[in-house]
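Encoded as C-alpha coordinates, the structure appears first; notes follow it.
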Amino acid sequence: MGSVLSAARIRELQKNDPPLIEGLLDEGQQIQPNGVDLSLLSVQAFASGGQLGGSNTERVLPQMNELEFKDGWIDLPSGQYLVTFNEIVHLPVEVMALGRPRSSLLRMAVSVGTAVWDAGYNGRSQSLLVVYNPQGVRLEQNARLLQLVFFEIDGGTHAYDGFFQNENINLPFEKKEDK
(Lines give C-alpha, C1' and ligand atoms only; values in the text may rest on other atoms or scores of the structure.)
Protein backbone atom coordinates (compact mmCIF):
# COMPACT_ATOMS: atom_id res chain seq x y z
CA MET A 1 0.00 0.00 0.00
CA GLY A 2 1.20 3.51 -0.80
CA SER A 3 1.48 6.39 1.62
CA VAL A 4 0.22 9.98 1.73
CA LEU A 5 2.96 12.52 1.10
CA SER A 6 3.77 14.88 3.96
CA ALA A 7 4.47 18.59 3.61
CA ALA A 8 8.19 17.80 3.99
CA ARG A 9 8.08 15.28 1.11
CA ILE A 10 6.05 17.71 -1.03
CA ARG A 11 8.71 20.39 -0.44
CA GLU A 12 11.39 17.90 -1.56
CA LEU A 13 9.45 17.23 -4.79
CA GLN A 14 9.14 21.01 -5.32
CA LYS A 15 12.92 21.02 -5.90
CA ASN A 16 12.55 18.74 -8.96
CA ASP A 17 12.76 20.10 -12.49
CA PRO A 18 9.88 20.50 -13.14
CA PRO A 19 8.56 20.92 -9.59
CA LEU A 20 5.63 18.85 -8.33
CA ILE A 21 3.42 21.97 -8.54
CA GLU A 22 4.52 24.82 -10.80
CA GLY A 23 3.26 28.38 -10.34
CA LEU A 24 2.31 28.38 -6.66
CA LEU A 25 1.15 31.89 -5.74
CA ASP A 26 2.23 31.51 -2.08
CA GLU A 27 4.09 28.29 -1.26
CA GLY A 28 3.93 28.98 2.49
CA GLN A 29 0.15 29.25 2.37
CA GLN A 30 -0.60 26.63 -0.28
CA ILE A 31 1.51 23.71 0.98
CA GLN A 32 -0.61 22.08 3.69
CA PRO A 33 0.30 19.30 6.16
CA ASN A 34 -1.15 16.68 3.77
CA GLY A 35 -1.36 18.31 0.36
CA VAL A 36 -1.29 21.45 -1.76
CA ASP A 37 -4.08 23.97 -2.32
CA LEU A 38 -4.85 24.87 -5.93
CA SER A 39 -6.13 28.37 -6.72
CA LEU A 40 -8.69 29.80 -9.12
CA LEU A 41 -7.51 31.12 -12.49
CA SER A 42 -10.75 31.19 -14.48
CA VAL A 43 -14.41 30.18 -14.51
CA GLN A 44 -16.45 29.02 -17.49
CA ALA A 45 -20.17 28.36 -17.93
CA PHE A 46 -21.49 25.40 -19.90
CA ALA A 47 -22.96 26.50 -23.26
CA SER A 48 -23.87 23.09 -24.72
CA GLY A 49 -24.15 19.44 -23.85
CA GLY A 50 -21.42 16.85 -24.13
CA GLN A 51 -21.12 13.25 -25.27
CA LEU A 52 -19.18 10.27 -23.96
CA GLY A 53 -19.17 6.92 -25.72
CA GLY A 54 -17.26 3.70 -25.42
CA SER A 55 -14.18 5.07 -27.18
CA ASN A 56 -12.32 8.37 -27.19
CA THR A 57 -13.49 9.04 -30.75
CA GLU A 58 -17.04 9.36 -29.40
CA ARG A 59 -16.11 12.01 -26.81
CA VAL A 60 -17.47 15.50 -27.44
CA LEU A 61 -16.75 18.13 -24.81
CA PRO A 62 -19.31 20.92 -24.30
CA GLN A 63 -18.83 24.42 -25.62
CA MET A 64 -17.88 26.84 -22.84
CA ASN A 65 -18.32 30.57 -22.19
CA GLU A 66 -15.60 32.37 -20.24
CA LEU A 67 -16.98 34.39 -17.33
CA GLU A 68 -15.44 37.73 -16.39
CA PHE A 69 -14.02 38.79 -13.04
CA LYS A 70 -14.95 42.33 -12.03
CA ASP A 71 -12.40 44.08 -9.80
CA GLY A 72 -10.86 40.66 -9.13
CA TRP A 73 -14.14 39.02 -8.01
CA ILE A 74 -16.84 36.90 -9.62
CA ASP A 75 -20.40 36.38 -8.39
CA LEU A 76 -21.77 32.96 -9.29
CA PRO A 77 -25.45 32.07 -8.98
CA SER A 78 -26.48 28.54 -8.10
CA GLY A 79 -25.32 26.21 -10.90
CA GLN A 80 -22.42 24.29 -12.39
CA TYR A 81 -19.16 25.76 -13.69
CA LEU A 82 -15.83 24.58 -15.06
CA VAL A 83 -12.90 26.08 -13.15
CA THR A 84 -9.27 26.15 -14.25
CA PHE A 85 -6.50 26.35 -11.68
CA ASN A 86 -3.46 28.62 -11.76
CA GLU A 87 -0.98 25.90 -10.91
CA ILE A 88 0.49 23.29 -13.26
CA VAL A 89 0.74 19.79 -11.80
CA HIS A 90 3.76 17.61 -12.69
CA LEU A 91 3.29 14.18 -11.13
CA PRO A 92 6.23 11.78 -11.13
CA VAL A 93 5.40 8.25 -12.24
CA GLU A 94 5.41 7.01 -8.62
CA VAL A 95 2.90 9.65 -7.38
CA MET A 96 -0.85 10.10 -7.95
CA ALA A 97 -3.27 12.59 -6.38
CA LEU A 98 -6.87 13.03 -5.30
CA GLY A 99 -8.52 16.44 -4.95
CA ARG A 100 -10.93 17.55 -2.24
CA PRO A 101 -12.76 20.87 -1.87
CA ARG A 102 -11.61 23.19 0.90
CA SER A 103 -13.90 22.93 3.91
CA SER A 104 -14.75 26.64 3.70
CA LEU A 105 -16.45 26.01 0.35
CA LEU A 106 -18.49 23.17 1.79
CA ARG A 107 -19.67 25.47 4.57
CA MET A 108 -20.95 27.81 1.82
CA ALA A 109 -22.83 24.95 0.06
CA VAL A 110 -20.27 24.89 -2.76
CA SER A 111 -18.32 21.82 -3.86
CA VAL A 112 -15.60 20.91 -6.33
CA GLY A 113 -15.94 17.69 -8.31
CA THR A 114 -12.70 16.10 -9.42
CA ALA A 115 -11.26 13.06 -11.11
CA VAL A 116 -8.08 11.16 -10.26
CA TRP A 117 -4.74 12.82 -11.07
CA ASP A 118 -2.95 9.78 -12.50
CA ALA A 119 0.74 9.12 -11.97
CA GLY A 120 2.79 10.88 -14.64
CA TYR A 121 0.09 13.49 -15.38
CA ASN A 122 1.23 16.99 -16.40
CA GLY A 123 -1.12 19.90 -16.88
CA ARG A 124 -3.11 22.85 -15.62
CA SER A 125 -6.15 21.01 -14.35
CA GLN A 126 -9.83 21.80 -14.48
CA SER A 127 -12.61 20.74 -12.11
CA LEU A 128 -16.36 21.04 -11.76
CA LEU A 129 -17.49 23.75 -9.34
CA VAL A 130 -21.07 23.24 -8.15
CA VAL A 131 -22.80 26.09 -6.34
CA TYR A 132 -25.65 24.50 -4.37
CA ASN A 133 -26.33 27.61 -2.29
CA PRO A 134 -29.50 29.26 -3.69
CA GLN A 135 -27.95 32.64 -2.76
CA GLY A 136 -24.86 31.91 -4.86
CA VAL A 137 -21.23 32.53 -3.95
CA ARG A 138 -18.65 35.27 -4.49
CA LEU A 139 -15.10 34.17 -5.29
CA GLU A 140 -11.91 36.17 -5.64
CA GLN A 141 -9.60 35.31 -8.49
CA ASN A 142 -6.68 33.28 -7.06
CA ALA A 143 -8.78 32.04 -4.11
CA ARG A 144 -7.70 28.59 -2.94
CA LEU A 145 -10.47 26.13 -3.89
CA LEU A 146 -9.11 22.61 -3.80
CA GLN A 147 -6.55 20.60 -1.87
CA LEU A 148 -4.59 17.95 -3.77
CA VAL A 149 -3.55 15.02 -1.59
CA PHE A 150 -0.63 13.02 -3.02
CA PHE A 151 -0.05 9.28 -2.69
CA GLU A 152 3.20 7.43 -3.37
CA ILE A 153 2.50 4.24 -5.33
CA ASP A 154 4.16 1.06 -4.07
CA GLY A 155 5.66 -0.96 -6.89
CA GLY A 156 5.31 1.81 -9.46
CA THR A 157 3.09 2.06 -12.51
CA HIS A 158 3.22 3.51 -16.01
CA ALA A 159 2.78 7.22 -16.73
CA TYR A 160 -0.59 8.66 -17.76
CA ASP A 161 -0.73 9.15 -21.53
CA GLY A 162 -4.39 10.06 -22.04
CA PHE A 163 -6.33 12.81 -23.75
CA PHE A 164 -5.73 15.44 -21.04
CA GLN A 165 -1.93 15.04 -20.77
CA ASN A 166 -0.31 18.52 -20.94
CA GLU A 167 -3.72 20.26 -20.89
CA ASN A 168 -3.89 24.03 -20.57
CA ILE A 169 -0.14 24.42 -20.04
CA ASN A 170 0.09 27.27 -22.54
CA LEU A 171 -2.66 29.38 -20.94
CA PRO A 172 -1.55 32.86 -19.94
CA PHE A 173 -0.57 33.04 -16.28
CA GLU A 174 -0.44 36.22 -14.25
CA LYS A 175 0.76 36.10 -10.66
CA LYS A 176 -1.39 38.32 -8.48
CA GLU A 177 0.70 40.66 -6.36
CA ASP A 178 -0.03 40.86 -2.64
CA LYS A 179 -1.73 44.07 -1.54
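The values are calculated or read from the model by the stated rules, or taken from the named source; none is laboratory data. Please read these numbers as outputs of a predicted model, since none were measured by experiment. Positions of Cβ are generated from backbone atoms using ideal geometry, with glycine treated the same way; all protein chains shown enter the neighbour counts. Surface areas here come from the heavy atoms of the whole protein model, side chains and all, with no ligands, DNA or RNA. Shrake-Rupley method; radii C 1.70, N 1.55, O 1.52, S 1.80 Å.
I need a count of the residues in region 130-143 that are under 23 Å from residue 26 (Cα atoms), touching a Leu at 6+ places or on another chain (Cβ under 7 Å) and part of a strand (DSSP E or B). Step through it out loud before you land on a result.
Residues of region 130-143 that are under 23 Å from residue 26 (Cα atoms), as a first pass: 138-143.
Checking the rest, the ones that are also touching a Leu at 6+ places or on another chain (Cβ under 7 Å) come to 139, 141-143.
Checking the rest, the ones that are also part of a strand (DSSP E or B) come to 139.
Residues meeting the conditions: 1.
Please specify each residue of region 140-170 satisfying the condition of being modelled with pLDDT of 95 or more, open to solvent by 10 Å² or more (accessible area, probe 1.4 Å) and out of contact with any Asp or Glu (no Cβ under 8 Å at 6 or more places or on another chain).
140, 141, 142, 143, 149, 151 - these are the residues of region 140-170 that are modelled with pLDDT of 95 or more, open to solvent by 10 Å² or more (accessible area, probe 1.4 Å) and out of contact with any Asp or Glu (no Cβ under 8 Å at 6 or more places or on another chain).
Name the pairs: first residue in region 115-127 and within 19 Å of residue 64 (Cα to Cα) and among the charged types (D, E, K, R), second residue part of a loop (DSSP other than H, G, I, E, B) and at pLDDT below 95, Cβ to Cβ under 8 Å, at least 6 apart or on different chains?
What qualifies is 124/168; 124/169; 124/171.
Out of curiosity, is residue 71 open to solvent by 80 Å² or more (accessible area, probe 1.4 Å) and free of Cβ contacts under 8 Å to residues at least 24 places away in the same chain?
yes
In region 27-39, is there at least one residue being of a type in the set (Ser, Thr, Tyr) and open to solvent by 20 Å² or more (accessible area, probe 1.4 Å)?
no
If you go through region 95-138 one residue at a time, how many are closer than 16 Å to residue 80 by Cβ, within 15 Å of the chain's Cα centre (by Cα) and open to solvent by 60 Å² or more (accessible area, probe 1.4 Å)?
Count: 3.
The rows are residues; the columns are (1) hydrophobic (A, V, I, L, M, F, W, C); (2) closer than 16 Å to residue 152 by Cα; (3) modelled with pLDDT under 95.
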site	(1), (2), (3)
2	no, yes, yes
37	no, no, no
45	yes, no, no
51	no, no, yes
54	no, no, yes
61	yes, no, yes
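Within region 1-115, considering only strands (runs of 3 or more DSSP E) that don't extend past its boundaries, which have at least 3 residues that are among the polar types (S, T, N, Q) and within 24 Å of residue 169 (Cα to Cα)?
It comes to 35-46.
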